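To start, the structure itself, in structure tokens.
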Amino acid sequence: MHRSYALDSELGHQQAPAPPSPAPTVRPLDISISACFGSPMNRKPIAAAKDKTLFTPGPLTTSHTVKQAMLRDLGSRDREFIAVVGDVRRRLLAVCGADAREYTTIIMQGSGTFSLEAVLASTIPPRGKLLVIVNGAYGRRIAHIASVLHIETAVVTAAEDAHPPLTEIEAALVSDPTISHAAIVHCETTSGIINDIRAVGALVRRLDRGYIVDAMSSFGAVPIDLADCHIDYLVSSANKCLEGVPGFSFVLARRATLSGTEGWARSVSLDLLAQWRELDASGQFRFTPPTHALLAFRQALLEFEEEGGVPARAARYRSNYETLLAGMETMGFEPYLRAEDRGYIITSFRYPTHAQFDFQKFYEGLNQLGQVIYPGKVSNADCFRIGHIGRIDAADVHALLGAIRMTLAGMGVSGE
Ligand SMILES: Cc1ncc(COP(=O)(O)O)c(C=O)c1O
């Protein structure tokens, strides 16, 4: 049983006189998948049945109880909401075992990009310079944000299917003492590759620079030790591996480093230090908070802890990945990354070479069967992506594989 904070009286209120509902409709998904793979009753009821299953990098499929936790209206200055915010901030540090004396949590309204922009806009000194380590679109986006903010930027670029070489990162830092900070993406969701933030962190620390990590699609599912990786600012989002709903993102920041950024903010709404101070002083946001998303997220964190924290989530996502990979390889699909470079968050698959394959038709066919995949993002190959994160398990992946097999057959693309 999931713990839920929804009050019984309110649930009662929600359940009170149900309006007459139209006759239930059976979606094509229910017919085709159950016909091919057995009754949905045999499946573990982990995902909400009525929505399409999201095999994307987020927003993701969430549990029913997470969605249910939003059935409240709390005031932004209400004592109960302030307690929720404090609880979420504490639990986020606990996700990665961070010492609350060394690190703090700052929650920011908006998607992950807003928190990334808040970190860059607030913590790089006026004459600072940012080294961005790029091996995908999200690394490029960090460099783009910095350039829009008129922050001087240097870039070390690696191929999208390769790890950025430490020697090049070291050379860039050594040759330019004006570089004050380095930024890297942990799981580069463009391809699914997991960058070695620990090795890069050791290098950045040795050369005495600030260290920013975009852990948007990895936090909560890939182990991260903030202190051991020498991270000053880690950025992630509510609707990724912690399985909340969209609406806010957050920064885990080293207190001592953030304290020294007074007067550097280039934005009012994205002022990280000001946001931290207000959250610490009053427990409140400076501007209207996403109250419902925070209620959902607190529930998501309880479910995360109940599942067994990072090790358990990693195990479920890895099992999703392995199930998917085995099925896809059986059908002849080829992953974009080499086996040793693949993570278990999202996998990029190359388009089949079959003349009848058309990604748009493939996508639409799967969508009609209730399965949502994602277009590719790598720049040097035709790929699509399948995420293995969110409230999904191996049974959901088997349903997707069945739908892929049916869709391919419908397109005249032979399977094995
Ligand atoms: C690694 C990474 N960074 C940044 C982002 C941007 O996050 P958002 O779309 O929440 O702004 C994403 C989104 O998937 C991501 O995967």
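Some observations on this one:
- Amide H to amide H distances under 5 Å link Val245 with Phe297, where only residues 5 or more positions off or on other chains count and H is placed in the peptide plane.
- Antiparallel %, DSSP beta bridges [both residues in the chain], to 5: 55 percent
- Its relative contact order, with pairs defined as Cα atoms under 8 Å and 6+ residues apart, puts the chain at 23 percent.
- In sequence order, region 155-170 has phi-based couplings of 10, 9, 10, 10, 4, 6, 10, 9, 7, x, x, 4, 4, 6, 5, 4 Hz under the Karplus curve 6.51 cos²θ - 1.76 cosθ + 1.60, θ = phi - 60°, and Gly or Pro positions carry x.
- When the pairs Lys50/Lys240; Lys129/Lys377; Lys52/Lys240 are compared against a 25 Å limit on Cα-Cα distance, Lys129/Lys377 fall above it.
- Annotation: amide H-H contacts under 5 Å for Ala182 (H modelled 1.01 Å from N, sequence separation of 5 or more, or interchain): Leu131, Gly210, Tyr211, Ile212.
- In this simple spin-label approximation, Ala281 and Lys52 carry label points 7 Å from Cα along the Cα→Cβ vector, and these lie 4.6 nm apart.
- Between Glu117, Glu243, Glu102, the residue with the greatest mean-square fluctuation in the GNM of the chain (Cα pairs under 10 Å linked by springs) is Glu102.
- 3J(HN,Hα) along region 322-327: 5, 5, 4, 4, 4, x Hz, from the Karplus curve 6.51 cos²θ - 1.76 cosθ + 1.60 with θ = phi - 60°, whole Hz, x for Gly and Pro.
- Under the Karplus curve 6.51 cos²θ - 1.76 cosθ + 1.60, θ = phi - 60°, whole-Hz ³J(HN,Hα) for region 185-199, x wherever Gly or Pro sits: 9, 6, 9, 6, 5, 3, 10, x, 5, 9, 7, 7, 5, 6, 5
- Hits among aspartates and glutamates - C-alpha to C-alpha of Lys67 under 15 Å, sequence gap 8 or more where chains match: Glu10, Asp51, Glu243, Glu303
- The chain: most fluctuating residue of Phe287, Phe333, Phe219 per GNM, C-alpha cutoff 10 Å: Phe287
- In the chain, the calculated helix contribution to ellipticity at 222 nm averages -12500 deg cm²/dmol per residue, counting -39,500 (n - 2.57) for every DSSP H run with n ≥ 4.
- Residues of region 376-416 with amide N under 18 Å of a point placed 7 Å along Cα→Cβ from Ala355: 409-415
- For region 118-235, share of DSSP beta bridges that run antiparallel, in % to the nearest 5: 10 percent
- If you run the Gaussian network model on the chain, springs between alpha carbon atoms under 10 Å, then out of Gly376, Gly86, Gly390 the most flexible one is Gly86.
- C-alpha center-to-center spacing [region 293-329, region 337-381] in angstrom: 21 Å
- Considering only region 79-305, percent of DSSP beta bridges that pair antiparallel, nearest 5: 45 percent
- Residues whose amide H lies under 5 Å from that of Thr153, counting only those 5 or more places away or on a different chain, are Leu130; hydrogens are built 1.01 Å from N in the peptide plane.
A short reminder: the numbers here are calculations on the coordinates, not readings from a lab. Since the model is a prediction, treat every value here as computed from it, not as a measurement. Counting neighbours? That spans all protein chains shown, and the Cβs are built from the backbone with ideal geometry, glycine included.
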